[in-house]
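The structure under discussion appears below in the form of structure tokens.
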Amino acid sequence: MQVFSRRFSTTAIRGQAVRATKRKSSLGYRLTTVAAVGVVGAGGLYWYYRDARSSIHQYLVLPLVRLFCDGEKSHKLAIEVMQYPWLNPREPKGWDDANDPNRQLEVTLFANTDKPLKLRSPVGVAAGLDKDGKAVDSLLDMGFSYVEVGSITPQPQPGNPLPRFFRLEKDDAVINRYGFNSEGHLAVLGRLKTRLAKAMAYPLDSGENNALRPEKALAVNLGKNKTGDETEDYVAGVKTFGNFADVLVVNVSSPNTPGLRDLQSESKLTNLLERLVSERNQLNNRRPPLVVKIAPDLSEPEIESIAAAVKASKIDGVIVSNTTISRPAELKTHRSIVEQVGGLSGKPVKPLALKAVKSLRSHIGPEITIIGCGGISNGHDAIEFARAGADFVQTYTGFAYKGASTACDIKQEILKELDGKKWTELRQ
């Protein structure tokens, strides 16, 4: 009986050990399975997030950001994240060739100058988003063929007091009175030089441009300090960034720097642009095209005067337009926001900008490049600007509301409306 008891006890212990081993094995298997599923799921979510076309950006990420952050905080957050391209969505590699094999979207700007600029598509990002040149590569990765950084002032300045950025979500618009908040020339120049140095060590797609991508462009938008000289600040910008930009933009149309818009008068603008063209022509290397950015609030005689200044100075192009100080009656947002001081951008600016593009084109003729900007958020908007006389379009507020898919969507919508034609045929 004792022998049997010992045998039974030994068998029971062995059975318990086997069952314990099986349980451990089963638990380990389940944990391994859960971990594997988690890794695969996380990888799939990251892959989905990294595709700029994914709806998660427009319908989940941006609404959450708008829910928890005010306008300026969300702007800062976006730029901080976009400093790291691997954290950001991107257009699928080869998207342009796959969707536009006949190169219907191809466009050449400044064609009648000694520095024509061929771009793969007519869709770019306007200044004001990436003020200090921190997000260039992430924006190019999203499918834009042109990224304009700035406005950049010679000396650092904080801009206007807070609050200074207001969303008008019911109108797909914003009001800002940033006032040229800028880290200054030296900080941005250092950032652009560092980017070029990294590209030399770890080459991106080769190309003889400062975008470091074939058929793309990096533009630098120049501003003046609040107490700066109205000519020398811009001259300093040309000298500082002339060899590090594919396009230089002279911003004389922000409504948030006192006296700046006075530079749009014919005599002042002619003198300023002639001086800047002269300085640009003395640069040693690239001598990029020089463009002036004007307001949408100009009368017909004022636009005619600007056209005269553009032709007299032999500047290469005009961006039409900046923000507006007007407040269209049809705005739906509460008056407490609508009546904030500052420049209004987004969809409500579109009629004003279109009218200004048509007027300017009629006065400067067909040769000088016009870049359309103001209320562009889809392909139909872009085509309207092209038919009005624009060679190229930029978006900012539309991109802020729609997110990473903006460039892909606009290009796809343009292709659909072109119906076999080329973008460059729209203005002919």
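A few points about this structure:
- Residue within region 383-393 that is in contact with a Ser or Thr (Cβ under 6 Å, 6 or more places away or on another chain), within 23 Å of GLU302 (Cα to Cα) and not aromatic (Phe, Trp, Tyr) present: yes
- Residue within region 140-147 that is aromatic (Phe, Trp, Tyr) and either surrounded by fewer than 24 Cβ atoms within 10 Å (Cβ to Cβ) or at positive phi (or both) present: no
- Apart from one condition, ASP172 fits all of (1) over 13 Å from the mean Cα position of the chain (by Cα); (2) surrounded by 22 or more Cβ atoms within 10 Å (Cβ to Cβ); the exception is (2).
- Among the candidates VAL250, VAL238, VAL318, VAL341, residue that is part of a helix (DSSP H, G or I) and under 27 Å from the mean Cα position of the chain (by Cα): VAL238
- Residues that are free of Cβ contacts under 8 Å to residues at least 60 places away in the same chain and in a loop (DSSP other than H, G, I, E, B) within region 213-235 comprise THR227, ASP229, GLU230, THR231, listed in sequence order.
- Residues of region 118-139 that are open to solvent by 20 Å² or more (accessible area, probe 1.4 Å) and either touching a Leu at 6+ places or on another chain (Cβ under 9 Å) or not acidic (Asp, Glu) (or both): LYS118, LYS131, LYS134, ASP137.
- Screening region 311-337 for residues that are among the hydrophobic types (A, V, I, L, M, F, W, C) and closer than 18 Å to ASN160 by Cα and picking the one that is least open to solvent (accessible area, probe 1.4 Å) gives ILE337.
- Qualifying residue in region 366-376 (condition: under 22 Å from ALA219 (Cα atoms), assigned to a loop (DSSP other than H, G, I, E, B) and open to solvent by 20 Å² or more (accessible area, probe 1.4 Å)): yes
- Residue check, HIS57 part of a helix (DSSP H, G or I), touching a Ser or Thr at 6+ places or on another chain (Cβ under 8 Å) and surrounded by 13 or more Cβ atoms within 10 Å (Cβ to Cβ): yes
- Residue match in region 302-316 (condition: without any contact (Cβ under 8 Å) to a residue 60 or more places away in the chain, of a type in the set (A, V, I, L, M) and touching a Gly at 6+ places or on another chain (Cβ under 9 Å)): yes
- Meeting the requirement of 3 or more residues that are touching an Asp or Glu at 6+ places or on another chain (Cβ under 9 Å), the strands (runs of 3 or more DSSP E) wholly within region 60-126 are 107-109, 117-119.
The values are calculated or read from the model by the stated rules, or taken from the named source; none is laboratory data. Keep in mind that what you see is a predicted model, and the values were worked out from it rather than measured. Note that each Cβ is placed from the backbone with ideal geometry, even for glycine, and that neighbours are counted across all protein chains shown. With ligands, DNA and RNA removed, areas are computed over all heavy atoms of the protein, side chains included. Shrake-Rupley method; radii C 1.70, N 1.55, O 1.52, S 1.80 Å.
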